[in-house]
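Remarks on the structure that follows.
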Amino acid sequence: MVSHARWKPARDEEVAQGIAEDPEVERRREEVSFAFDLGQAVHDRRVALGLSQTELARRAGMTQPQLSKLELGGTVPTPPLLARLARAMDAVFRMELFGSSIRATFTDLDGTAPEDAATEPASAPGADAGAERTAATG
């Protein structure tokens, strides 16, 4: 699988050169990017909590292969599954929509991020790095 970090700069370079992308391709790219980033947010939160995929899957009422597919960006979970995952990870799940970007976060119940969770800036132009683990597209 091509790393998200590789194709996004290539796309940005094409946009800078004035090469326009078909709107349907752009829409699908945003969906894939969101699925990947959301999966990464689940993975990072799970690892920060010291949980195995099997344990988190059990807590969330799903199978380990389903969780693995989600973490790899192969699927976008339904809102009820996101709620179960948040409960299973003792977290609050938030989704923010701004322009054509989506940012999803899992934070501790008191609103803070786990100590060892990575902080990643949102992909939206001009977005600042936050103290929450985020999944973003844009």
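The values are calculated or read from the model by the stated rules, or taken from the named source; none is laboratory data. A quick note: this is a predicted structure, and the numbers were derived from the prediction, not measured. So basically every Cβ, Gly included, is an ideal-geometry build from the backbone, and we count neighbours across all protein chains shown. Side chains included, ligands, DNA and RNA excluded: accessible areas come from the protein's heavy atoms. Shrake-Rupley method; radii C 1.70, N 1.55, O 1.52, S 1.80 Å.
Near the amide H of Ile102, under 5 Å away, which other amide H atoms are found, from residues 5 or more places off or on another chain, if H is placed in the peptide plane?
It is Thr137, by chain and number.
Beta carbons within 10 angstrom, averaged per residue: use that to sort the peptides 54-61, 17-24, highest first.
Top of the packing list down: 54-61, 17-24.
Explain nothing, just the number: relative contact order of the stretch 1-102, from Cα pairs under 8 Å at least 6 residues apart, as a whole percent.
Relative contact order for the stretch 1-102 comes out at 25 percent.
Computing the accessible area with a 1.4 Å probe over protein heavy atoms, can you report the carbon and sulfur percentage for the stretch 14-104?
Roughly 56 percent, rounded to a whole number.
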